[in-house]
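**Q** If you scroll down you'll find the structure; I have some questions about it.
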Amino acid sequence: MKRLLTPLLILCALLTLTVLAAGADSRSVSITLDGAPLDMPEAYITQEGVTMVPLRVLAEALGFHVSWDSASRTASISREAPEAVPEEPPEEPKPPLSALVVLDPGHGGSASGAVYGGVAEKDLNLAIASQAARLLEEAGLTVLMTRRDDQDVSLYRRSGLANTYGADLFVSVHCNASLTNPEARGVYTAAADRQGEGWVLAEVLRQTMMAAAGAEDMGTEPRPNLAVLRTAQVPAALVECGYMSTPAELELLCQPDYQLQLAQGIAEGVLTYLAQSR
């Protein structure tokens, strides 16, 4: 330490360092270096009359560098600036998400869809699709929803979102109703035709949704008349989660636990299809 302080003492001898008491009743001091005041609010005079001056401020004012090793409680003074401690390497960038999925909660806004027992289909569709979106995002996929609240969305805007962003697939979520079969129950899916990837997606979704929810099988059909399927330029399927026209199934569809099961089936179907198609 004596060797380190020698250059500091020599420099002090070449400069005029003045230490003055700030007041008769005060323990604080003011310090000037060659007539210029130094900002040292920590400097003070002890009860024993010893003047305490912070080493770092004084040394740096004289052009030295001070470093502190907390482990050994050692202050080091040097002419050269200490070597910079290398910063922690930045975190590795996360790999790009593996797929972009568009989920379409059917209807919305002024379009209620089917209404039974005071329950609007648009609300059930949104509840189930939102849960499926969350599950897919947790699995690492990017999910775009055609709506996240109760708003009007045109048919062509729904498939158009998938087309514009080049989505890996498109799933439109609905609930069903039957005017002829009061006991109809189960999951139904549709695609524009039997030849495209949309048909494969629809078949996978039907199987995974039935397994997740313990639902009955209402089959898969080609539905080229449905605009969201016909105009989609990516693999597209429509799922009907159950029959609102059947009171027992409507009661199920309104239960959050059953909605989650259906959402799990949709998410599992999407992930299964993507794994099979790559």
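**Q** Can you tell which of Arg158, Arg194 is within 22 Å of Pro222 (Cβ to Cβ) and either of a type in the set (Asp, Glu) or surrounded by fewer than 18 Cβ atoms within 10 Å (Cβ to Cβ) (or both)?
**A** It is Arg194.
**Q** If you don't mind, there's one more thing I want to ask. Given Gly108, Gly140, Gly117, Gly113, which one is at positive phi and either touching a Cys at 6+ places or on another chain (Cβ under 8 Å) or of a type in the set (D, E, K, R) (or both)?
**A** The conditions single out Gly113.
**Q** Going through the stretch 98-114 one residue at a time, which ones are free of Cβ contacts under 8 Å to residues at least 40 places away in the same chain and β-branched (Val, Ile, Thr)?
**A** Of everything in the stretch 98-114, nothing turns out to be free of Cβ contacts under 8 Å to residues at least 40 places away in the same chain and β-branched (Val, Ile, Thr).
**Q** Oh, and also: Just to check your reading of the model, which residue among Ala232, Ala192 is more than 15 Å from Ala177 (Cα to Cα) and within 33 Å of the chain's Cα centre (by Cα)?
**A** Ala232
**Q** Same structure, new question: When you scan the stretch 100-107, do you find a residue that is in a loop (DSSP other than H, G, I, E, B) and of a type outside the set (Asp, Glu), even just one?
**A** yes
**Q** Looking at Glu216, is it modelled with pLDDT of 95 or more, under 16 Å from Met244 (Cβ atoms) and surrounded by fewer than 18 Cβ atoms within 10 Å (Cβ to Cβ)? Working first, answer last.
**A** Values: modelled with pLDDT of 95 or more: yes; under 16 Å from Met244 (Cβ atoms): yes; surrounded by fewer than 18 Cβ atoms within 10 Å (Cβ to Cβ): yes.
So Glu216 fits the description; yes.
Residue-wise test of (1) touching a Lys or Arg at 6+ places or on another chain (Cβ under 8 Å); (2) among the aliphatic types (A, V, I, L, M).
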position: Ser178; (1), (2): no, no
position: Trp199; (1), (2): no, no
position: Gln207; (1), (2): no, no
position: Met210; (1), (2): no, yes
position: Asp217; (1), (2): yes, no
position: Leu229; (1), (2): yes, yes
position: Val239; (1), (2): yes, yes
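**Q** Give me the pairs, please: first residue somewhere in the stretch 173-192 and under 20 Å from Ala263 (Cβ atoms) and polar (S, T, N, Q), second residue anywhere and outside any loop (DSSP other than H, G, I, E, B) and open to solvent by 30 Å² or more (accessible area, probe 1.4 Å), beta-carbon distance under 9 Å, and either six or more positions apart or on two chains.
**A** Asn176/Met218; Thr189/Glu203; Thr189/Met218; Thr189/Glu221
**Q** Among the residues in the stretch 113-127, are any open to solvent by 20 Å² or more (accessible area, probe 1.4 Å) and charged (D, E, K, R)?
**A** Yes, the stretch 113-127 has at least one match.
**Q** Additional query: Which of the following residues is of a type in the set (Ser, Thr, Tyr) and crowded, with 18+ Cβ neighbours inside 10 Å: Ser172, Ser178?
**A** Checking each option against the conditions leaves just Ser172.
**Q** Picking from Pro256, Pro222, which residue would you name as being open to solvent by 20 Å² or more (accessible area, probe 1.4 Å) and either among the aromatic types (Phe, Trp, Tyr) or under 28 Å from the mean Cα position of the chain (by Cα) (or both)?
**A** Pro256
One line per residue, one yes/no per condition, for (1) in a helix (DSSP H, G or I); (2) modelled with pLDDT under 95; (3) in contact with a helix residue (DSSP H, G or I) (Cβ under 9 Å, 6 or more places away or on another chain):
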| position | (1), (2), (3) |
| --- | --- |
| Pro89 | no, yes, no |
| Ala133 | yes, no, yes |
| Val143 | no, no, yes |
| Gln151 | no, no, no |
| Thr164 | yes, no, no |
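**Q** How about the stretch 135-155: which of its residues are among the basic types (Lys, Arg) and open to solvent by less than 90 Å² (accessible area, probe 1.4 Å)? Reasoning before the result, please.
**A** At the first step, the residues of the stretch 135-155 found to be among the basic types (Lys, Arg) are 147-148.
Once the filter is applied, which keeps residues that are among the basic types (Lys, Arg) and open to solvent by less than 90 Å² (accessible area, probe 1.4 Å), the stretch 135-155 yields only Arg147.
**Q** Could we say that Glu183 is open to solvent by 80 Å² or more (accessible area, probe 1.4 Å) and either over 20 Å from the mean Cα position of the chain (by Cα) or among the aromatic types (Phe, Trp, Tyr) (or both) here? Before you say what the answer is, go through the steps one by one.
**A** Numbers: open to solvent by 80 Å² or more (accessible area, probe 1.4 Å): yes; either over 20 Å from the mean Cα position of the chain (by Cα) or among the aromatic types (Phe, Trp, Tyr) (or both): yes.
It is true that Glu183 is open to solvent by 80 Å² or more (accessible area, probe 1.4 Å) and either over 20 Å from the mean Cα position of the chain (by Cα) or among the aromatic types (Phe, Trp, Tyr) (or both).
**Q** Do you know which residues across the stretch 91-108 are open to solvent by 20 Å² or more (accessible area, probe 1.4 Å) and at pLDDT 75 or above?
**A** Passing the criteria: Ser98, Leu100, His107.
**Q** Further question: So the check is Cβ under 6 Å with 6+ separation or different chains; which pairs have a first residue in the stretch 230-251 that's open to solvent by 30 Å² or more (accessible area, probe 1.4 Å) and a second one that's part of a loop (DSSP other than H, G, I, E, B)?
**A** Arg230/Ala192; Arg230/Pro224
The values are calculated or read from the model by the stated rules, or taken from the named source; none is laboratory data. This one's a predicted model, so the numbers in the text were calculated from it and none came from an experiment. Using ideal geometry, Cβ is built from the backbone for each residue, glycine included, and neighbour counts are taken over all protein chains shown. The area values use the complete protein model at the heavy-atom level, side chains included, leaving out ligands, DNA and RNA. Shrake-Rupley method; radii C 1.70, N 1.55, O 1.52, S 1.80 Å.
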